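Note sheet for the following structure.
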Amino acid sequence: MADDKDVLRDVWFGRIPTCFTLNQDEVTEREAEPYYLLLPRVSYLTLVTDKVKKHFLKVMKAEDVEEMWFEYEGTPLKWHYPIGVLFDLHASNTVLPWSITVHFKNFPDRDLLHCPSNSVIEAHFMSSIKEADALKHKSQVVNDMQKKDHKQLWMGLQNDKFDQFWAMNRKLMEYPTEEGGFRYIPFRIYQAMSDRPFIQKLFRPISPEGNAHTLGNLLKEMYPTAIPNDGEPKRYQVVIHGIEPLLETPLQWLSEHLSHPDNFLHISSWITQETVGLNGGNSELTDSLMRGRSESCP
Amino acid sequence: MAAVTSRRITTDSAGGSDPRGPVLPPGGSGRSAETWKRHIVRQLKHRDLSQHAMFQDLIRFYTQLLEKTSLAKGILSCSLRRPSPDSSSSISALLHQNSQLKKTTGELAYQVVELQQQIKIKECVLEEQHARLAEEECRLAGAFDSHRELQERVERVQGKNGVLKTEYDALLERQRGAETRLREEKVRGGHLVEDMIHLKQQAAARMNSRNERRSRAREANLQKELQTAARSKVTIDSSSSAPTSRSTSPKNENQDQESTEQRHTRLFRSASATSPRILSSIRELFDRKRRGHSVCSLEEDLTCPVGICLSARVPARALHVLDAHEQGINAVRFSSSSDLLATGGTDRVIKLWEVRAGSLTHRATLDGSTEGITCIEFDPTGLRILAASYDKSALLWRLDDSVPKLTLTGHIRKVTAARFSSLPHQVVTGSADRTIRLWDLQRAACVQVVEVASYCSDLVCSENCIISGHFDSKIRVWDTRAVSCVQELPAQGKVTSLDLSADHRQLLSCCRDDCLQLVDLRRRSNDRMCFRAEGFKCGSDSTKAVISPDGCFLAAGSADGTVYVWNASTNNLETRLPDKHSSSISAVSWSLSGEYVVSVDKSRRAVLWSDI
């Protein structure tokens, strides 16, 4: 149980070192230094980047500033995805810090949603919670909550208050014991290099025979290509919160502990670079990079 | 840091970001549920370490630097931006502003100083008022204290008053109670006094009536006699009348007339015998009140017949046992003629008995002593009885008169012995007041007081000497005429009684330590014989032992009521006479004829013994 609490805390307090660099095309009065920031994995980009905006506004003229948007290596970053998901999906194998380019002009309307104020983010966040609870408890729990409880959830996320958030969120993580788990597991599988935004389907945590479904079962069901057949080397990486859980991890547990604050289990997967075909130095580079990541602890 | 510890695990384990991907379980069911959890925990820790921890400090410092530089830049830019438009006017404006500000500061400082002074003044006033308030409070406290003190005093005084009042009430109650009791007692006392007076009056009336009766009887008798005498013829008869036992020895014929005439009148006080004195004697017969005169005549008692016992007989059995008195009997004496016995005791009277036909017959009672009788003696003529009494006096009766003729007072304590001396008209008394007094009967006065060293318990008189026995175990012999101590004889113990033999040669002393001692007075060596017996105990301090009239036997009564008789010459116990007395025998007496022995005891009993 202590492990579970630690897991929750580690999940909540996960950070990604990011370097925000202003786009060169932006008109500035003088050169803007990059701005470094530790972004929380569980939060949303527009929620946590006020300082970035302030920093860059210092060097820009007011008339040149429109809505701020971010992109990474050409890909506009959708603010309504949790930051951790964005990182895992796009830049998990790259050298830290994560370099994000900040734009103030030419907002890509087709790719990104506008985010004029924090209430938009709140609305999106609450709708995610409600959707997740609809899957888990047929919306009973979230509807029993009062308005102030919803507000507490949002304020906990906004102000980075773990205890405040989880005081309410634990209600959403309860399930009747005779069920053995939630009704359906709220999850989204994100694939890099894919047209589909994500895979989301109904999936029960307990099999009709009473066995607990594992991550492997889910992937087999939803994304069978990710799981190699016996004997074949691993081809895909399945990452949640930047780590790769073992395939036999029970799904119910994953949903309770490794969900994001919006109660969804966001799973990112991509093809491992080796199997893409990079061989020779590149694979070694990536190998050494990955090894370096794991061994670079002083 | 938790990250540091978890690092160790991660470097050891095969987990972590394994490039080969998630490890497939080899057996599937062999792994525990905790493995995946541990894996996840490890992974999270590792991720945090690499992504978070490493960059945390760096980014912080970077941001700080950025802020500092931007601040500096801002200041620089601010300062740079200002001078470009109109600098001079702004400087003068600034200077002007500066001076104005200085003025205002000066004014304000002045105001501040003023206000401060006012504050100081106000503070002084406040302090003064505080001081006065404190003073007043002190005085008030003092007033309170004194008030409280006074209240306490008042309460104390009230308390004391209350206490005094209760005491007073209690005393008043007691006084009233005492008064009522006093009244009651007075009333009772009055009643008692009345009763006593009444009783005394009754006694006096009785006495008076008795005396009156007696005197009337005597008068009547006298009248009758006178009448008969006056009527009868007087025949002068010179021959002496036969001496009767009752009459005195025949003297000269002067006496005869009166003796024959007055033979029956011997109960009266004797008148002198000589005829010229008839009238005076007749007159004196009516003078009853006068005592001391004509107690005895010169002619009387000069010579009297002395009986001689030829042989005493040892008593063997009791002839007569009777309760002779009302209370215990202390003394018993046979008179010089065998027939009369006198007993006296605690009941204050002397009873005279006649021994007739083996029994004691009561003849007369002599009273007049106010307390018990200790010792009785008949005078040699047998007409008078001398008794010593507890009432510190010795009394003399004539046998025919129950009222004592003489009372010899003068001793300070009880008289233990009274004896007729060898000198005529002399009586010797010994007393517990350690004196021996000699009395003259004609004058009825004490002629000499002899101080002795000790309580005199008994006396005997012989021709020349008086012998007294004392509690200090000594027998003292006094010369009669010089009345000085001639000799001191030691006794065995406290002397309780003395007895002289008929020939005045042997002295018997009875001692408290149960021993009888017989001393020969005429022998120079004064050897003694001691008589003891088993079971003989001297019962009191005044037990009397006697020598038999012939001097052969000694008799004494013991504390257990047995009469012991010793043989004087053989020193042996002759006989014991038990069982007749139930208490301690106080005295025995042997009759002159030697026939009878009478013993008396403390329980009123008298026993007549004889050998028949």
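The values are calculated or read from the model by the stated rules, or taken from the named source; none is laboratory data. Being a predicted model, the structure only gives us computed values, none of them experimental. No Cβ is skipped: glycine too gets one built from the backbone with ideal geometry, and neighbour counts run over all protein chains shown. Quick note on the areas: whole protein, heavy atoms, side chains included, nothing else; ligands and nucleic acids left out. Shrake-Rupley method; radii C 1.70, N 1.55, O 1.52, S 1.80 Å.
Can you tell me which residue is farthest from the chain's Cα centre (by Cα) among those in the range A:73-92 that are part of a helix (DSSP H, G or I) and within 13 Å of another protein chain (Cβ to nearest Cβ)?
Looking at the filtered set, the residue picked out is A:Ala91.
How many of the residues in the range B:351-383 are open to solvent by less than 30 Å² (accessible area, probe 1.4 Å) and either assigned to a loop (DSSP other than H, G, I, E, B) or in contact with a Pro (Cβ under 8 Å, 6 or more places away or on another chain) (or both)?
The qualifying residues number 7.
Run A:Lys54 past the list (1) buried (at least 16 other Cβ atoms within 10 Å of the Cβ); (2) within 21 Å of B:Thr63 (Cβ to Cβ); (3) more than 9 Å from every other protein chain (Cβ to nearest Cβ) and report the number of the one that doesn't hold.
Just one mismatch for A:Lys54, condition (1).
Condition check: within 14 Å of chain B (Cβ to nearest Cβ), closer than 28 Å to A:Phe162 by Cβ and part of a loop (DSSP other than H, G, I, E, B). Does A:Val42 satisfy that?
yes
Is it the case that some residue within the range B:67-82 is open to solvent by 90 Å² or more (accessible area, probe 1.4 Å), free of Cβ contacts under 8 Å to residues at least 24 places away in the same chain and either touching a Phe, Trp or Tyr at 6+ places or on another chain (Cβ under 9 Å) or more than 14 Å from every other protein chain (Cβ to nearest Cβ) (or both)?
Yes; the residues of the range B:67-82 include at least one that is open to solvent by 90 Å² or more (accessible area, probe 1.4 Å), free of Cβ contacts under 8 Å to residues at least 24 places away in the same chain and either touching a Phe, Trp or Tyr at 6+ places or on another chain (Cβ under 9 Å) or more than 14 Å from every other protein chain (Cβ to nearest Cβ) (or both).
Tell me which residues, restricted to the range A:1-17, are facing chain B (nearest Cβ under 9 Å) and either open to solvent by less than 40 Å² (accessible area, probe 1.4 Å) or under 14 Å from the mean Cα position of the chain (by Cα) (or both).
A:Asp4, A:Val7, A:Asp10, A:Val11, A:Phe13, A:Gly14, A:Arg15, A:Ile16, A:Pro17
Please work out which one of (1) in a strand (DSSP E or B); (2) in contact with an Asp or Glu (Cβ under 8 Å, 6 or more places away or on another chain); (3) buried (at least 20 other Cβ atoms within 10 Å of the Cβ) is the condition B:Leu396 fails and give its number.
Going through (1) in a strand (DSSP E or B); (2) in contact with an Asp or Glu (Cβ under 8 Å, 6 or more places away or on another chain); (3) buried (at least 20 other Cβ atoms within 10 Å of the Cβ) one by one, B:Leu396 breaks only (2).
What number of residues within the range A:247-258 are open to solvent by 10 Å² or more (accessible area, probe 1.4 Å) and either at pLDDT below 85 or part of a loop (DSSP other than H, G, I, E, B) (or both)? Explain how you work it out, then say what you get.
Here is the first cut: in the range A:247-258, the ones open to solvent by 10 Å² or more (accessible area, probe 1.4 Å) are A:247-248, A:250, A:252-253, A:256-257.
After this cut, where a residue has to be either at pLDDT below 85 or part of a loop (DSSP other than H, G, I, E, B) (or both) as well, the list is A:247-248.
Looking only at that region, the number is 2.
Tell me yes or no: at least one residue of the range B:210-220 is under 30 Å from B:Asp401 (Cβ atoms), surrounded by 10 or more Cβ atoms within 10 Å (Cβ to Cβ) and of a type in the set (Asp, Glu).
yes
Confirm whether A:Phe70 is modelled with pLDDT under 90 and either assigned to a helix (DSSP H, G or I) or more than 12 Å from chain B (Cβ to nearest Cβ) (or both).
On the way: modelled with pLDDT under 90: no; either assigned to a helix (DSSP H, G or I) or more than 12 Å from chain B (Cβ to nearest Cβ) (or both): yes.
Judged against the criteria, A:Phe70 is not a match.
For the range B:521-564, which positions are β-branched (Val, Ile, Thr) and under 21 Å from B:Glu463 (Cβ atoms)? Step through it out loud before you land on a result.
Here is the first cut: in the range B:521-564, the residues β-branched (Val, Ile, Thr) are B:543, B:546-547, B:562-563.
Correct list: B:Val546, B:Ile547.
Residues being among the small types (Gly, Ala, Ser) and either out of contact with any Ser or Thr (no Cβ under 8 Å at 6 or more places or on another chain) or open to solvent by 60 Å² or more (accessible area, probe 1.4 Å) (or both): count how many of those fall in the range B:569-588.
Summing the residues that are among the small types (Gly, Ala, Ser) and either out of contact with any Ser or Thr (no Cβ under 8 Å at 6 or more places or on another chain) or open to solvent by 60 Å² or more (accessible area, probe 1.4 Å) (or both) in the range B:569-588 gives 2.
Just to check your reading of the model, which residue among A:Val48, A:Val95 is more than 10 Å from chain B (Cβ to nearest Cβ) and under 23 Å from B:Gln64 (Cα atoms)? Walk me through how you get there before you give the answer.
Values: A:Val95 fails: under 23 Å from B:Gln64 (Cα atoms).
From the options A:Val48, A:Val95, the qualifying one is A:Val48.
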